[in-house]
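A.B. asks: Mind looking over this structure? Questions follow.
Derivation of every value follows stated rules applied to the coordinates shown; laboratory data play no part. Given the structure is predicted, the values throughout are model-derived calculations rather than measurements. Every residue, glycine as well, gets a Cβ built from its backbone with ideal geometry; the counts of neighbours run over all protein chains shown.
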Amino acid sequence: MDEYEATKAIDNLPIDVKVKMVAHTEACTAMAFNPMGDTLATGGADKVVVLWNLKKMSEIARFRSKSHSICALAFSLDNHHLMSCSTDHRATLYNLRGNIKPSHSFVAHQDLITSTKFCYSTKQVMTSSLDSTVKCWDINTCNVSRVINTYSQCFDMHVSRSETYIATGHKDGNIKLWNAKTKESISKIEDAHSDPVACVRVSPDEHYVVSTSKDDTIKIWDLRKQKLLQTFEHEQFQLGSNNAKFCISPNSQYVICGSKNGNVVFYDMKNAECCNIIADQHRS
């Protein structure tokens, strides 16, 4: 994504659903777009990872986990790898060049893995877990290169666009920021939420930290000052679970999050308002 793409206005927000597809025989529990936006990876409670060609709306490849549901997915920035994590605490790294196949599969944590993200500049892939650690794995060997002790169950983890910051969200309602290069602690936002932080993201322009929780709020924080700027609440927004995630538009203006009632809610950070709701598109 170039600088123009990151700052240009979004002319039209979605107002309806363009495509529906049955991705899994059981609940779809994880998904990720590749950097070009033409491939989607989905993972399900049916223990399957599927790669989809979004231009043709066709299946590219399908892989079955040995015995457990998929809980996290991520593509590398160069589109050479896909990381898949399952509820048996295992991580599987897929090589996407040529014949798509798993290159490494290993037990990564002692408790549920909650998120995985690549760090392209250091050739690492990271995983966070309810075992209160974030681990950094060498892409080539999948040997652990660094362990960050977060001292609280980690419900989510995100690497900023420039790979300067790592943000983690925790069971105790705190948000922590880490140096992505040194893995040292930078700061902590204490009591960011009254419930566990289900999702935390650094905005693409790296001005904000955005978080949500089962306290049914979305909060916008100043990244450098760790000061609360906005709190979003709406009668049509209830977070469904501690595993729920949101996304931020490339121009850092919109937060899009699913609600317990099946709604998709659009929050405009620039104007501090709910700007769109696509209702009743999911059963939950």
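A.B. asks: If packing is taken as the average number of other Cβ atoms within 10 Å across a peptide's residues, how do 210-223, 138-151 rank, most packed first?
C.D. replies: For the peptides 210-223, 138-151, the packing ranking is 210-223, 138-151.
A.B. asks: What does the highest-first list of 115-128, 59-72, 245-258 look like by mean Cβ count within 10 Å?
C.D. replies: Highest to lowest by the protection proxy: 115-128, 245-258, 59-72.
A.B. asks: 5 Å is the cut-off here: which amide hydrogens, built 1.01 Å from N in the peptide plane, fall below it relative to Arg146, excluding neighbours closer than 5 in sequence?
C.D. replies: So Arg146 has HN proximity to Cys136.
A.B. asks: Determine which lysines satisfy two conditions relative to Lys117: a Cα distance under 21 Å, and not lying fewer than 8 residues away in the same chain.
C.D. replies: Lys47, Lys101, Lys135, Lys171, Lys176, Lys181, Lys183, Lys188, Lys245
A.B. asks: Could you list which residues have their amide H under 5 Å from that of Ser129, counting only those 5 or more apart in sequence or on another chain, with H placed in the peptide plane?
C.D. replies: Excluding prolines and chain starts, which carry no amide H, the hits are Thr114, Cys154.
A.B. asks: To the nearest 20 debye, what is the magnitude of the charge dipole of the chain about its Cα centre, counting +1 on the Cβ of each Lys and Arg and -1 on the Cβ of each Asp and Glu?
C.D. replies: Computed charge dipole of the chain: roughly 900 debye.
A.B. asks: For Ile186, what residues show an amide H to amide H distance below 5 Å, using hydrogens built from the backbone and excluding near sequence neighbours?
C.D. replies: Leu177, Trp178, Asn179
A.B. asks: For the chain, build the charge dipole from Cβ charges (+1 Lys, Arg; -1 Asp, Glu) around the Cα centre, then report which of Cys257, Asn243, Met57 sits farthest towards its positive end.
C.D. replies: About the Cα centre, the residue reaching furthest to the positive side is Met57.
A.B. asks: Can you classify the chain as rounded, prolate or oblate using the Cα gyration tensor, where a ≥ b ≥ c are the square roots of its eigenvalues, rounded means a/c under 1.5, and otherwise it's prolate if a/b beats b/c and oblate if not?
C.D. replies: Rounded shape, in that the Cα axes give a/c under 1.5.
A.B. asks: Still on this structure: Work from the charge dipole of the stretch 3-149 (Cβ charges, +1 for Lys and Arg, -1 for Asp and Glu, about the Cα centre) and give the residue of Asn149, Leu73, Thr114 farthest towards its positive end.
C.D. replies: Leu73
A.B. asks: How much FRET efficiency would the formula 1/(1 + (r/R0)^6) give for Arg97 and Lys55, where r is the Cβ-Cβ distance and R0 is 25 Å, rounded to 0.05?
C.D. replies: It comes to 0.80.
A.B. asks: Residue by residue through the stretch 24-36, which ³J(HN,Hα) values in whole Hz follow from phi under the Karplus form 6.51 cos²θ - 1.76 cosθ + 1.60 (θ = phi - 60°), with glycine and proline marked x?
C.D. replies: 9, 7, 10, 3, 7, 10, 7, 7, 7, 8, 6, x, 7
A.B. asks: Also, I was wondering about something else. Suppose every K and R has +1 on its Cβ and every D and E has -1 on its Cβ; what is the size of the dipole of the stretch 49-208 about the Cα centre, in Debye to the nearest 20?
C.D. replies: Charge dipole, the stretch 49-208, about its Cα centre: 740 debye, nearest 20.
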